[in-house]
Each structure stands twice: as C-alpha cells, then as structure tokens.
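Each remark here refers to the structure printed beneath this line.
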Amino acid sequence: MSELAEFRRDIAGWLKENCPGGARGPGQVASGSSKVKLPRDLALWLERCAERGFTAPTWPKQYGGGGLTPAQARVLYEEMGAIRARSPLMGMGLSMIGPTLLEFGTDAQKERHLPKITQGQVQWCQGYSEPNAGSDLAALKTRADDQGDHFVINGQKIWTSGASTADWMFALVRTDFSAPKHEGISFVLLTMDQPGVTVKPIRLISGSSPFCETFFDNAIAKKEDLVGQLNKGWTVGKRLLQHERSGIGGLSGGARRSNPGAQLAKVAKTYIGEVDGRIADSAMRDTIIRFNMHRAAFQLTAERANEENRSGTPGEATSIFKLVGAALQQDGADLKRQLMGTRGLGADGHGFTADELEATEEWLHTKATTIYGGSNEIQANIIAKRVLGLPE
Ligand SMILES: Cc1cc2nc3c(=O)[nH]c(=O)nc-3n(C[C@H](O)[C@H](O)[C@H](O)COP(=O)(O)OP(=O)(O)OC[C@H]3O[C@@H](n4cnc5c(N)ncnc54)[C@H](O)[C@@H]3O)c2cc1C
C-alpha cells in the first residue's frame with residue numbers, strides 16, 4: 001500500500017470515530033469568535049481537529065497546524081467530504097491573515113496570533129474597503145498617526161464582514177499622506193474590543209446583517225502589530241488579497257468543495273428521477289456533464305498551479321482562478337437550484353429540508369462571489385496588466 005493510501009485509511013478511520021453526528025451535513029461552522037457559543041458537537045469537532053492540526057492542515061505544527069503536505073491535505077478534505085463532515089473551522093484567520101503572517105509576520109507575531117487561529121479562539125475581520133475606496137482600494141483615507149509605541153487610527157471602513165462578532169481586524173491604513181497613493185499605506189492589526197472602535201451592522205433587505213460599517217475614533221494599533229514595513233503595507237495587503245481570491249476561487253480546497261459533481265447527479269436523480277440508474281431528463285444530463293467537465297478541468301488546473309507554486313497560493317495569476325472559480329460556483333449553485341425546482345427556493349422553515357435550505361442560501365451567497373475580494377472587472381484588469389502584460 002502506498003504511503004498516501006495508508007494515510008487515507010488512517011484518516012478515514014479517525015474521521016469515522018471522531019466526527020460527531022452534529023458536525024455532519026449542512027449547518028453552522030465554527031468561526032472562532034469568542035462571542036458565538038457553539039453547539040456541543042461542533043465544539044467537540046473543533047477541539048478534536050485542532051488537537052490533530054486539522055483546522056489548518058498544511059500549516060507548520062509549531063503554530064498548531066497539521067504539517068501535512070498538499071497531497072495529504074487533499075486526502076483529508078476528500079475523506080471529510082465522503083462522510084459530509086463540515087469544515088471544523090472557517091474564517092479570515094485561517095484563509096487570509098494566517099497565510100499572510102506566515103509569509104510576512106515576525107516570529108513574535110506568528111507566535112502571538114497563529115496558535116489562537118488554529119485553535120479557533122479568535123475571529124478576524126478585514127478592514128480594507130471604505131466608502132470611496134472599493135475597487136480603487138489604494139484611495140483609502142483611514143489614517144494612522146505614529147505615537148511612539150502605537151498608532152492612533154481615525155476614519156471609516158465599510159462592508160466589514162463579521163465585524164460585530166470579530167475579536168481582531170487586519171486593516172490597511174494611510175501612514176503617509178504626501179507619498180503616491182500606493183506608497184503611504186501600512187498594514188496593521190488591532191483589537192475590535194476597544195473604546196475607539198464602533199461597529200454598526202448594515203441591515204440587508206433579507207433582514208440579516210452579514211456586514212458592518214466600522215468607525216475608528218482614536219483607535220489604537222500597537223507597533224508590534226505592524227505587519228511588514230511602515231508605508232509598505234500595499235505589498236502585504238495585495239498578497240493577502242491573493243490568499244482571499246485563492247479561497248474564493250477554490251484553489252485552497254476544503255471539505256465542502258470535495259465533489260460537487262457527484263452531488264449534482266444525486267440531486268438530479270432525487271428531484272427529476274432516474275431511469276436505469278441515469279438522470280431521467282437527457283437535456284439536464286448534458287448540462288450536468290458539461291458543468292462537471294468544466295469543474296474537473298478547473299480543479300486539475302488549480303492542483304497543477306498549486307504544485308508549481310511552493311507557497312501554496314500563486315501570485316497575480318490567482319486572479320484567473322478567482323474569476324473562473326467564482327463563475328463556476330455561481331453556475332453550480334444555480335444548477336442545483338434549478339434541479340430542485342421550487343424546493344430550491346425555500347426560506348426559513350416551511351417544510352424544506354436542511355439540504356434545500358442550504359441550496360437556497362448557497363445560490364444567494366454565490367451572487368456576491370463575483371464582487372467581494374475584488375470584482376470581475378478588477379480581476380480582468382489584473383490579468384490583462386500583470387499576467388498578460390498588455391499595455392494600459
Ligand atoms: C458579500 C460581500 C462581503 C464583503 N466583505 C468585505 C470585508 O469583509 N471587508 C472589506 O474590506 N470589504 C468587503 N467587501 C467589499 C468588496 O471588497 C467591494 O464591494 C469590492 O471591492 C467592490 O468595491 P465597491 O463595492 O466599492 O464597488 P466600486 O468600486 O464602486 O465598483 C462598482 C462597479 O464598477 C466597476 N469598476 C470599478 N472600477 C473599475 C475599473 N477600474 N475598471 C472596470 N470596472 C470598474 C466594478 O467592477 C463594479 O462593477 C465585501 C463585499 C461583498 C459584496
């Protein structure tokens with residue numbers, strides 16, 4: 001038996017024994033917030049995975065990661081998918097600031113922040129966008145004034161996802177107003193639970209409030225939480241965006257993304273019916289096959305890109321994966337909703353199954369994948385300029 005096959009057997013056995021029933025199938029996933037109380041099974045699942053380093057499988061063991069190779073991590077995600085285990089932990093700590101600190105953080109910053117992320121003890125939020133700085137992010141005006149051992153921050157961020165439950169924020173702030181706009185920006189970390197930070201939820205038409213406005217009124221960021229050099233935060237901030245786009249585009253894997261193709265066929269057979277083991281509607285069968293081929297080609301390309309890039313996230317080319325991956329996610333969610341018919345349009349309750357409610361949520365959520373992390377047009381601009389080298 002090959003080493004990887006042996007690893008798969010061990011992992012499958014461990015998962016069977018350790019993934020509680022309440023952490024399988026659709027439902028809540030831990031975000032690490034100290035303000036959100038987890039149901040017992042989810043808390044147990046998080047604790048068990050954190051103990052094995054499975055919340056951040058490829059991170060170094062010294063920071064609470066699993067020290068796994070990308071191939072082993074893929075096996076872990078596949079086996080989690082096979083038993084419908086939820087991701088033990090999600091959030092911007094794992095997907096954005098963690099990988100950025102691994103590259104740009106000092107040893108002290110890594111020691112201070114990474115273990116709390118892998119243990120699911122903190123939730124992070126992203127302070128990038130401002131009312132007049134979204135696509136043109138470098139136009140940001142939130143200022144940070146140097147006060148010796150700390151910065152004093154004044155200004156406003158907007159669309160801060162999860163700010164109301166987050167413990168920490170990573171933020172881009174202006175530290176030099178006289179420099180060209182990309183050169184006077186610094187990347188800082190600050191706590192949300194301080195008098196200078198006010199969070200106001202933005203209520204959506206659906207009634208939920210996934211994001212907030214965040215106001216800084218003499219907020220404090222310690223100097224020890226400046227990541228990278230002063231005024232060189234654009235480089236750090238751009239790299240973090242590549243990690244974010246890699247996550248949105250599906251480059252970085254995860255249990256929930258294990259095998260959407262097989263899921264679609266199953267959904268089709270359930271809602272449309274099957275004849276001799278095949279999906280009953282031949283036109284829908286073709287549509288699903290075409291989608292699955294696109295998806296498989298994308299996944300193989302993503303794996304190749306990951307293998308070619310030892311740091312796990314490619315550079316500017318990440319925008320290609322964000323652009324194509326976000327569209328695939330939208331197409332996949334839309335297809336699933338179509339297959340379910342009106343059952344795929346359920347809001348809370350009303351006799352819908354958990355899978356049906358999740359399909360509606362996924363369909364609505366994926367509408368935003370072509371906006372957050374930088375819109376489609378911005379990704380196309382980056383690909384044109386930085387990947388293809390086309391003139392302005
Ligand atoms: C669900 C969701 C969650 C988010 N979470 C966060 C978060 O946690 N933290 C955070 O900081 N931000 C967050 N954002 C904000 C997100 O990053 C911005 O919405 C995005 O970057 C676009 O900026 P904007 O909304 O200001 O739109 P604009 O920049 O005003 O763009 C409007 C339109 O113009 C187009 N456009 C703009 N400039 C160009 C150009 N040069 N060339 C071609 N087209 C152009 C855009 O593509 C877009 O279609 C979130 C957004 C969403 C939808």
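So the values come out like this:
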{"quantity": "Subset of segment 91-119 (residues that are within 16 Å of the ligand (Cβ to nearest atom) and assigned to a helix (DSSP H, G or I))", "calculated": "MET92, GLY93, LEU94, SER95, MET96, ILE97, GLY98, THR100"}
{"quantity": "Test: residue in segment 144-158 that is farther than 21 Å from ILE220 by Cα and either modelled with pLDDT of 95 or more or surrounded by fewer than 18 Cβ atoms within 10 Å (Cβ to Cβ) (or both)", "calculated": "no"}
{"quantity": "Candidates GLU377, GLU308 - the one that is within 16 Å of the ligand (Cβ to nearest atom) and at negative phi", "calculated": "GLU377"}
{"quantity": "Matching option when the condition is without any contact (Cβ under 8 Å) to a residue 12 or more places away in the chain, of a type outside the set (Ser, Thr, Tyr) and over 21 Å from ARG203 (Cα atoms), among GLN121, GLN72, GLN147", "calculated": "GLN147"}
{"quantity": "Number of the condition not met by ALA43 [criteria: (1) surrounded by fewer than 19 Cβ atoms within 10 Å (Cβ to Cβ); (2) at pLDDT 90 or above; (3) outside any helix (DSSP H, G or I)]", "calculated": "(3)"}
{"quantity": "In segment 120-153, the residues that are farther than 23 Å from PRO195 by Cα, within 8 Å of the ligand (Cβ to nearest atom) and either in contact with a Lys or Arg (Cβ under 7 Å, 6 or more places away or on another chain) or not in a loop (DSSP other than H, G, I, E, B) (or both)", "calculated": "ALA133, LEU137"}
{"quantity": "Hits in segment 375-392 - residues which are polar (S, T, N, Q) and either in the same structural domain as GLN28 (by TED's automatic domain parsing) or surrounded by 19 or more Cβ atoms within 10 Å (Cβ to Cβ) (or both)", "calculated": "GLN379"}
{"quantity": "Residues of segment 227-238 satisfying the condition of being buried (at least 21 other Cβ atoms within 10 Å of the Cβ) and in contact with a Ser or Thr (Cβ under 6 Å, 6 or more places away or on another chain)", "calculated": "GLY233"}
{"quantity": "Pair list, Cβ < 9 Å and 6+ apart or interchain, from segment 158-173 residues that are closer than 15 Å to LEU240 by Cα and part of a strand (DSSP E or B) to residues that are among the basic types (Lys, Arg) and more than 9 Å from the ligand (Cβ to nearest atom)", "calculated": "VAL173/ARG143"}
{"quantity": "Segment 231-263, residues that are at pLDDT 90 or above and aliphatic (A, V, I, L, M)", "calculated": "VAL236, LEU240, LEU241"}
{"quantity": "Filter result (within 11 Å of the ligand (Cβ to nearest atom) and not hydrophobic (A, V, I, L, M, F, W, C)) within segment 157-171", "calculated": "LYS157, THR160, SER161, GLY162"}
{"quantity": "Pick from segment 176-213, criterion among the polar types (S, T, N, Q) and surrounded by fewer than 21 Cβ atoms within 10 Å (Cβ to Cβ), ranking: nearest to PRO131 (Cα to Cα)", "calculated": "THR198"}
{"quantity": "Residue in segment 313-330 that is in contact (Cβ under 8 Å) with a residue 40 or more places away in the chain, in contact with a His (Cβ under 7 Å, 6 or more places away or on another chain) and either assigned to a helix (DSSP H, G or I) or at positive phi (or both) present", "calculated": "yes"}
{"quantity": "In segment 349-374, residue nearest to the ligand (Cβ to nearest atom) [restricted to those that are surrounded by fewer than 16 Cβ atoms within 10 Å (Cβ to Cβ) and assigned to a loop (DSSP other than H, G, I, E, B)]", "calculated": "ILE371"}
{"quantity": "Single residue of segment 195-226 satisfying the filter (of a type in the set (Val, Ile, Thr) and either over 17 Å from THR142 (Cα atoms) or in the same structural domain as TYR372 (by TED's automatic domain parsing) (or both)) that is nearest to the chain's Cα centre (by Cα)", "calculated": "ILE202"}
{"quantity": "Hits in segment 67-90 - residues which are in contact with a helix residue (DSSP H, G or I) (Cβ under 8 Å, 6 or more places away or on another chain), surrounded by fewer than 20 Cβ atoms within 10 Å (Cβ to Cβ) and assigned to a loop (DSSP other than H, G, I, E, B)", "calculated": "GLY67, ILE83"}
{"quantity": "Test result for GLY346, closer than 21 Å to ARG290 by Cα and surrounded by fewer than 21 Cβ atoms within 10 Å (Cβ to Cβ)", "calculated": "no"}
{"quantity": "Within segment 174-200, tally of residues that are in a strand (DSSP E or B), in contact with a Leu (Cβ under 9 Å, 6 or more places away or on another chain) and β-branched (Val, Ile, Thr)", "calculated": "3"}
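The values are calculated or read from the model by the stated rules, or taken from the named source; none is laboratory data. None of these values were measured; they are calculated from a predicted model. Quick reminder, even Gly has a Cβ in these numbers, built from the backbone with ideal geometry, and neighbours come from all protein chains shown.
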